[in-house]
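A quick write-up on the structure given underneath.
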Amino acid sequence: MVPNKEALERFNPPAANMWKAVADLLTHGIRMLPASAVWLIVIASFIGELLSVCAKLFPKSRRCLPSSMGLGLSWVIVFQNSLSFAIGSIIVWLWTKLNRPSAETFSVPVASGFIAGESLIAAFIAIACTLVGILALR
C-alpha cells in the first residue's frame, strides 16, 4: 500500500507517534522530556490523587467528580473516540431510564457490535480505496 519509505513518512499516525515517544522515554529516561512536561506530569498526578481523595472523603460528591481514568484517557485517545464514548454513554443512560432490564442485558453487546462494525467498515474503506488506487494506475 505504501511504495517507499518517503511515502510512509508523509503519514501522520498520532497513536503510533505517541507510543514511540513512550518507548523513547522508557529507553532513554526522563531526561528526554522537556522540563514543562515533567511539571505537567507532577501536576496531573496530584490532580488524579486529589480526585480519588475527594471521592473518599466526600462520598456524596462522587457523582459530580470526573473519573481520573477518564481524564487520563482523554489525553491519550483522539477526540473522535472520546466523542463516541460520550454519545454512547448518553444513549445507554437514556436507555436505562426507559427500560433498565433490557439496557442491562443488551447495552454491552450492542456497544461491542458498534465497535466491531466500525472497525470492519474502516477496513472495508481502506481495501476499497486501495483497489480504486490500483485500478486508477492502470
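Just so you know, all these numbers are worked out from the coordinates, no wet-lab data involved. Given the structure is predicted, the values throughout are model-derived calculations rather than measurements. Note: ideal-geometry Cβ built from the backbone for every residue, glycine included; neighbour counts use all protein chains shown.
Would you point out the residue of segment 71-123, among those that are closer than 30 Å to Leu50 by Cβ and among the aromatic types (Phe, Trp, Tyr), that is surrounded by the fewest Cβ atoms within 10 Å (Cβ to Cβ)?
Phe79
Would you say Phe11 is closer than 30 Å to Leu131 by Cβ and touching a residue at least 12 places away in the same chain (Cβ under 8 Å)?
The answer is no for Phe11.
Can you find a residue that is more than 14 Å from the chain's Cα centre (by Cα) and more than 29 Å from Lys20 (Cα to Cα) anywhere in segment 67-80?
No, every residue in segment 67-80 fails to be more than 14 Å from the chain's Cα centre (by Cα) and more than 29 Å from Lys20 (Cα to Cα).
Pairs only if they're at least six apart or on different chains, beta carbon under 6 angstrom, first in segment 68-82 and over 26 Å from Lys56 (Cα atoms), second surrounded by 12 or more Cβ atoms within 10 Å (Cβ to Cβ); list them, first residue then second.
Going by the 6 Å Cβ cut-off, the qualifying pairs are Ser82/Ser74.
Restricting to segment 38-52, name every residue that is closer than 20 Å to Gly70 by Cα and either surrounded by 11 or more Cβ atoms within 10 Å (Cβ to Cβ) or touching a residue at least 40 places away in the same chain (Cβ under 8 Å) (or both).
Once the filter is applied, which keeps residues that are closer than 20 Å to Gly70 by Cα and either surrounded by 11 or more Cβ atoms within 10 Å (Cβ to Cβ) or touching a residue at least 40 places away in the same chain (Cβ under 8 Å) (or both), segment 38-52 yields Leu40, Ile41, Ala44, Ser45, Ile47, Gly48, Glu49, Leu50, Leu51, Ser52.
Among the residues of segment 53-70, which ones are surrounded by 10 or more Cβ atoms within 10 Å (Cβ to Cβ) and in a loop (DSSP other than H, G, I, E, B)?
Phe58, Leu65, Pro66, Ser67 - these are the residues of segment 53-70 that are surrounded by 10 or more Cβ atoms within 10 Å (Cβ to Cβ) and in a loop (DSSP other than H, G, I, E, B).
Which condition breaks for Pro3 when tested against (1) over 30 Å from Val132 (Cα atoms); (2) in a loop (DSSP other than H, G, I, E, B)?
(1)
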